[in-house]
Amino acid sequence: MAISVLVLSERIAGEHPEATFELLGKGSKLAKQLGGELAVAVAGTDYPVQELGGADVILELAGLEAGAYAAPIWEAGVAAAIAASSPRVVLMSTGTVGLDLGGSLATRFGGQLASYVIDLDVDGEEILATAQLYGGKMLAEVALDSFICFATVIPGSFPADDGRSTGSPRVERIEVGEKPKAVAMAIREPETGGVDITAAPMLVSVGRGIGSSDNLELVQELADALKVPLSASRPVIDSGWLPKPHQVGKSGKKVKPSIYLSFGISGAPEHLEGMRNAEMIIACNTDPGAPIFEVAHFGTTVDLFDLVPELTERFGG
Amino acid sequence: MLAVLETRTIFGGETEAARVIFYLLALATLLLFFWGIYRRIRVYRVGRRPAGWRWLRRATKYDIPDVTARPGVSKSAAVIAANRSITKVKKPVGLAHLLVFWGFIGLFLATSILSLDYDILGNASRIVTGHTYSFFRGPFYLGYNAVFDLAGLLAIIGSVMLALRRWFSREPQLDYTRAEIPEGGYSRSKIVLGDQVFMVGLLLILVTGLLIQGLRIDGEGFPSFERWTWLGWLIGKMFASFGVGAASARSAHAWLWWVHVGSALAFIAYLPFSKALHILSAPTNLVVSDPANIRRLPAPPEGAAGYATFADFTPKELLAFDSCTKCGRCHYVCPARTAGAPLSPRDFILDLRQWSDRNNQIPLFLDSEDRPTPSGPLAGNGPLAGTVIKERTLWSCTTCMACVEICPVGVEHVPTIVQLRRSLVDRGEMDPTLQSALQNISTQGNSFGKSARMRARWTKGLDIPIPDARKEPVEYLWFLGDFASFDERLVEISRTLAKVLNSAGVSFGILYEDERNAGNDVRRVGEEGLFEMLVESNMRAFEKADFTRIVTTDPHSLNTLRNEYPAFGLDKEVLHYSELLAGLVYRGKVELKPLGRRVTYHDPCYLGRYNRVFDAPRAVIGASGCELLEMPRNRTNSFCCGAGGGRIWMDDSFLEERPSVNRIREAASLGVEYFVVACPKDYAMFSDAVKTAGLEESMKVVDIVELFSEALIGADLVEA
Amino acid sequence: MKIVVAMRQLADLVEELEVNADGTDIDRDFVKFVSNEWDEAALEEALCHKDDGDAEITVVALDEPDVDQTLYTALAKGADRAVKLTGHDPEGWIRTGDRAAILASWLERDDFDLVLTGVQAADDLDGQLAGVLAERLGVRHAAVVVGFHDADSAVQVEQELGGGTVAVSSLELPAVLGIQAARQTPRYASITRIRQAQQTQTIQEVEISAGGSLGGTVRKISPPKKRGGAEMLEGSASEVAERIAELIRSKGLARS
Ligand SMILES: Cc1cc2nc3c(=O)[nH]c(=O)nc-3n(C[C@H](O)[C@H](O)[C@H](O)COP(=O)(O)OP(=O)(O)OC[C@H]3O[C@@H](n4cnc5c(N)ncnc54)[C@H](O)[C@@H]3O)c2cc1C
Ligand code: SF4
Ligand code: SF4
């Protein structure tokens, strides 16, 4: 059977990213619809094989050493994999690798590309992509009819569990002939200490409802359990309970995480200005009339002092 | 007494040598004095003269008489004569100064008369006719002594009062601690010493003057006509009672006379080189200061964005630096300084003066600051805005005008601060939050970054129509300003005002999406280009509309529309909504039921100090039957909320206590439940401050129109 | 070093966007256009390099609504030259493939070491410009760049991989970089300066005819379903916690 869908694992070192499984889950459905196999391209040879049971074929990109990254090197590797497998659809995420390679590979292979995709389907001869435009203010339905189509998918669009099935994929080794004029030098882990709340995928945010700095520990524990930074409304910063870089809002940072979990924040306009674009806002506030519920997707009026420990418990804190 | 000679000798020792020495000394003193003054005036003359520049300027046709009209010279003279700018706050200090002021003027007059008689008339007549004429005799002499003894006494009393205050008072104004502490420290001990020298010098002249009078009368054996010299007589008697006989009095007189004359001459020579300079510069500055200057900011220098070099300062500004007496009043009232920001208007002026003095090599004696490591005004290089005056310092100003209002010598700090800010803006050096606000204003016409088309969205959900002034003629064009249009909390108040106006039958309309930020604060931030752009768009919008006058919800907009837009062609009367509401009450258009609340009222800077609207909001409060308890700082002395001059767009987390919180605590001490405001920015600032101060339970911030609408009979406006 | 900064206009996201009559694009008649925020970062980073040493900056943009404003602003900030490419419909939706083709055909005639552009734009339906442009020019590229320094014939690039992890690589010049963030927030150009630039400097116009399809056919554009306030989670603290935990897991943000 021919390979019809190729998923790129954006693993540079360590585990496969969550997005890879999301794509594998969706990819296997698409592959079925297209009547072909699902392949996953993986950098290097030293990767956790057993986790990739969702795919039928693993394409090992030899020469793409783990632990360092350069776009042209990866581009050459993935291009070789595409050339070797001739899939109908190539799936990547809108992470750094996907943003790097989507456009250039589509151009190289003369295929069509859809970016910021949140859903995919097969419609006769065409691949139908639903994509976000204008920061999610619009959705576009795009039909791709090239013989090879590319999609870069927003992480979180598909359930990852669908891609975690067990299986025993074949392993094929892809040799990269091309010599890209680039050197992958190093991977630098973030310095611990200075927080950048704007870069976090999720924030636990706390407002004056917390009462005093002593109680801050409670939410800190939850944030630690979730491995995400703590952010806050201005009164918390003003009181000196948290340093300034943690402030969200008009006079603080504008954040746009996938999840914004707020506790004891009323939702003053100055605060909303900083976080209303978060993908999902979950608000906890004992006042059912608090304006934060206007922008939140989910809300609860349970007391934060009851809720937070329960949540911490659920995330192994 | 044969040939009663009701006069006296002039010199200590009547020798020819003494005369020669005295004249030489006096000549040297005068030369030094005039050279000292000349060398400062020469520097003023280097200053930039903007187009249409005049030292003294009559009100132009654009001046709205009450706030920007320039008092005539006679009015300024009256202010100076009564020391009114000094007495307006600290009465006792002002009185003491008034005594010194008039005492010295008297003594100066006395000396001048004497000099006219003796040095000029006497010497001239002797040379011409060989005979020495003098009018310093007879009844004139007696009256002269009686009057000028009084002057001396008053001057001494005043000086002693001021000296005691200087020595023993712990008032914060007298503390020379800087608001911005330079790295490496600083010392102002020279300034402190300079104050003492000034004071002790004055006292020395006064006291020796009286003593020699007493000694002279004693030495002359108390001729009875000298009783007219009542104070000298008393002192002479005192000497006599201590056993000082005529002979020893005469010799004591001879040398004490030299002490007196020497110190007086020294003081005159010292004057243009020291703190004493203010004796001349301060009244001059009061005459040339201009209330329009702060309300209608001057343009940047030709061809430059803002102040960068010495030559950018106007002669008036340079004179103002020399006029500052370091009284510390502005330092004390400044909300930025109070909140712990590195700005003190006093230090600002002193730093600029020191920098100018240093640049022009005209240092003042005992009136400068020292720093172990050169920085600020002492740094050799670096930009004026940024090094001489730190960026943070410049950005701290709320342009609240409290400093200008209180300054006894008419220093205008704010226009100069803005001129320096302009060069920061030109270099793009500002808070990121300010930058994004300016960007929003330049792209969307509002600081909220909302689409210009959303400006009238607050009208949605109102069941009354809001007329479009571009489509139908209206009496009042309602200019809302950004906060009243976009802030979620404030649009509710805007709706209330709309309902009130509607039910009172006022003909009004708005500009819908054509309204732009009026630009008052943009201009005060120092973004002159953007200000002009905003004026142009608003003027275009005004041209599209048909209206008689403008009413605005925003005091900041009021200021620029009323005082600055006329220069761009606006010729309509501009009112604040409190004035419109008060008008409805006066003209009996509405009937209000008393609410019976205890409230206090906060005067917005741009409404009160800037535009002198104090009574209209109070009338509205009164008419709604509320008991108004005034905060200690009210009317011209109101304390800024901290939002003005673009501060609302900047980070304020570095402040120790935000001015709004300070203000709320002041109100809380009155025990009122309602804090009434008449400015949308105030509403935002104080709602927040009430929470920070933990007073949500006991105090509520309300807008005057909320009170008004609640008290309005026959209209159900007040649901939510 | 010769740096070209490719900038573009974009419908302002603060605007309420509406769909056009045939449902395949936003209604462009009433929206306000501003420059892409990431392009601003690219320009800022270029200006920082110029401040540090010897970079010569050319800003280039396709003719689009209000693009002159963006170009003059760039000049006011310190760019050396501004170029506007014409020859296409300035009012329509310029898709990434066409944009890259037009830019590439101009760049092929102009000498450059580095092209900087924003890592993305909010209407990049057909992929991001940097990679497509680089591929067309046959040069190296990198996206999500948070810093770079040039070393002779190569550029050392730092790319953000997420969570603060940074990949460092070295690309032979010339190269195209998609800039994620500059080392400082883009500087402010005062309106006075911009007006000055308008009076004293000119935008060079170059007509180009080129095109390159890359994206698929847009069948329809529509706003996502409107949400009306929060969905309230009812129940005890523990029940609510369970629901929230599920929500977090569904976003793939926590495993346990
Ligand atoms: C110019 C300006 C700039 C500003 N900039 C910012 C900014 O950048 N960021 C910012 O955040 N604010 C800013 N503010 C302040 C803003 O107006 C609000 O004051 C602030 O956001 C309120 O913070 P909060 O929601 O934490 O506090 P509050 O408004 O006091 O809300 C506390 C909430 O906690 C809830 N609560 C209490 N106890 C519990 C409990 N046990 N469990 C659950 N909920 C509870 C209450 O119901 C209440 O809704 C600014 C204000 C101004 C004027
Ligand atoms: S205007 Fe107000 S804030 Fe500014 S210096 Fe004067 S008193 Fe201080
Ligand atoms: S500027 Fe005016 S108020 Fe301030 S210290 Fe000087 S004299 Fe006093």
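The values are calculated or read from the model by the stated rules, or taken from the named source; none is laboratory data. Predicted, not measured: the structure shown is a model, and the values here were computed from it. We place every Cβ from the backbone using ideal geometry, glycine too, and count neighbours over all the protein chains shown. Surface areas here come from the heavy atoms of the whole protein model, side chains and all, with no ligands, DNA or RNA. Shrake-Rupley method; radii C 1.70, N 1.55, O 1.52, S 1.80 Å.
Remarks
- Tallying residues that are facing chain A (nearest Cβ under 7 Å) and either closer than 21 Å to A:GLY110 by Cα or open to solvent by 30 Å² or more (accessible area, probe 1.4 Å) (or both) within region C:124-150 yields 14.
- Within region B:136-156, considering residues that are open to solvent by 70 Å² or more (accessible area, probe 1.4 Å) and over 30 Å from B:PHE198 (Cβ atoms), the one modelled with the lowest pLDDT: B:ARG137
- Filter result (within 10 Å of the chain's Cα centre (by Cα), open to solvent by 10 Å² or more (accessible area, probe 1.4 Å) and either within 13 Å of chain B (Cβ to nearest Cβ) or within 20 Å of A:ALA131 (Cα to Cα) (or both)) within region C:1-37: C:LEU10, C:SER35, C:GLU37
- On inspection, B:TRP258 qualifies as open to solvent by 60 Å² or more (accessible area, probe 1.4 Å) and touching a Gly at 6+ places or on another chain (Cβ under 9 Å).
- Test: B:THR459 is open to solvent by less than 40 Å² (accessible area, probe 1.4 Å) and in contact with a strand residue (DSSP E or B) (Cβ under 9 Å, 6 or more places away or on another chain): yes
- Taking the criterion of being open to solvent by less than 10 Å² (accessible area, probe 1.4 Å), within 7 Å of chain C (Cβ to nearest Cβ) and modelled with pLDDT of 90 or more, the residues of region A:132-151 that qualify are A:ALA140, A:VAL142, A:ALA143, A:LEU144.
- Yes/no for C:GLY178 being more than 30 Å from A:ALA184 (Cα to Cα), in contact with a strand residue (DSSP E or B) (Cβ under 9 Å, 6 or more places away or on another chain) and facing another protein chain (nearest Cβ under 9 Å): no
Conditions (1) open to solvent by less than 30 Å² (accessible area, probe 1.4 Å); (2) outside the structural domain of A:VAL42 (by TED's automatic domain parsing); (3) of a type in the set (S, T, N, Q); (4) modelled with pLDDT of 95 or more, marked per residue:
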{"site": "A:GLY98", "(1), (2), (3), (4)": "yes, no, no, no"}
{"site": "A:GLU125", "(1), (2), (3), (4)": "no, no, no, no"}
{"site": "A:GLY163", "(1), (2), (3), (4)": "yes, no, no, no"}
{"site": "A:PRO180", "(1), (2), (3), (4)": "no, yes, no, no"}
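- Hey, B:LEU575 crowded, with 17+ Cβ neighbours inside 10 Å, more than 16 Å from ligand 1 (Cβ to nearest atom), under 34 Å from the mean Cα position of the chain (by Cα) and not hydroxyl-bearing (Ser, Thr, Tyr) or not: yes
- Scanning region A:220-254 for residues that are surrounded by fewer than 24 Cβ atoms within 10 Å (Cβ to Cβ), within 12 Å of ligand 1 (Cβ to nearest atom), modelled with pLDDT of 85 or more and not in a loop (DSSP other than H, G, I, E, B) yields a single hit, A:HIS246.
- Number of positions in region B:320-378 that are in contact with a Gly (Cβ under 9 Å, 6 or more places away or on another chain), within 13 Å of ligand 2 (Cβ to nearest atom) and farther than 25 Å from B:TYR44 by Cβ: 3
- Residues of region C:44-60 classified as surrounded by 15 or more Cβ atoms within 10 Å (Cβ to Cβ) and within 13 Å of chain B (Cβ to nearest Cβ), total: 3
- Selection within region B:371-389 - of a type outside the set (A, V, I, L, M, F, W, C) and at pLDDT 95 or above: none
- Scanning region B:651-671 for residues that are hydrophobic (A, V, I, L, M, F, W, C) and open to solvent by less than 10 Å² (accessible area, probe 1.4 Å), we see that the one that is nearest to ligand 2 (Cβ to nearest atom) is B:VAL661.
- Checking each residue of region C:97-113 against the condition of being of a type outside the set (Phe, Trp, Tyr) and within 22 Å of C:ASP52 (Cβ to Cβ) gives at least one match.
- Some residue of region B:468-481 being assigned by TED's automatic domain parsing to the domain that holds B:VAL705, open to solvent by 10 Å² or more (accessible area, probe 1.4 Å), touching a helix residue (DSSP H, G or I) at 6+ places or on another chain (Cβ under 8 Å) and within 26 Å of C:VAL14 (Cβ to Cβ): yes
- Unmet criterion (only one of (1) within 16 Å of ligand 3 (Cβ to nearest atom); (2) within 14 Å of chain C (Cβ to nearest Cβ)) for B:ALA304: (1)
- Among residues of region B:389-407, those that are within 9 Å of ligand 2 (Cβ to nearest atom), of a type outside the set (Val, Ile, Thr) and either open to solvent by 20 Å² or more (accessible area, probe 1.4 Å) or within 14 Å of chain C (Cβ to nearest Cβ) (or both), counted: 1
- Extreme residue, farthest from the other protein chains (Cβ to nearest Cβ), among residues of region C:191-244 that are under 30 Å from B:GLY306 (Cα atoms), without any contact (Cβ under 8 Å) to a residue 24 or more places away in the chain and open to solvent by less than 90 Å² (accessible area, probe 1.4 Å): C:ARG195
- Flag if B:ASP688 is within 23 Å of A:GLY240 (Cβ to Cβ), within 11 Å of chain A (Cβ to nearest Cβ) and assigned to a loop (DSSP other than H, G, I, E, B): no
- C:SER153 over 27 Å from C:THR73 (Cα atoms) and more than 9 Å from chain A (Cβ to nearest Cβ): yes
- In summary, strands (runs of 3 or more DSSP E) completely within region A:106-183 and bearing 3 or more residues that are more than 24 Å from A:GLY63 (Cα to Cα) occur at A:112-123, A:126-133, A:138-144, A:149-153.
- Of all residues in region B:645-657, those that are facing chain A (nearest Cβ under 10 Å) have Cβ atoms under 7 Å from Cβ atoms of residues that are aromatic (Phe, Trp, Tyr), 6 or more apart or on another chain, in B:MET650/B:TRP395.
- Condition broken by A:GLY211, with the remaining ones in (1) open to solvent by 10 Å² or more (accessible area, probe 1.4 Å); (2) closer than 27 Å to C:GLN180 by Cβ; (3) in the same structural domain as A:ILE281 (by TED's automatic domain parsing) satisfied: (2)
- Filter pass, A:GLU60 being closer than 17 Å to A:GLU178 by Cα, modelled with pLDDT under 95 and part of a strand (DSSP E or B): yes
- Residue in region A:233-255 that is within 23 Å of C:ALA241 (Cα to Cα) and either within 16 Å of ligand 2 (Cβ to nearest atom) or among the hydrophobic types (A, V, I, L, M, F, W, C) (or both) present: no
- B:SER368 meets each of the listed conditions (1) closer than 20 Å to B:SER274 by Cα; (2) in contact with a Leu (Cβ under 8 Å, 6 or more places away or on another chain) apart from (2).
- Criterion: closer than 19 Å to A:LEU99 by Cα and surrounded by fewer than 24 Cβ atoms within 10 Å (Cβ to Cβ) - qualifying residue of A:ALA13, A:ALA43: A:ALA13
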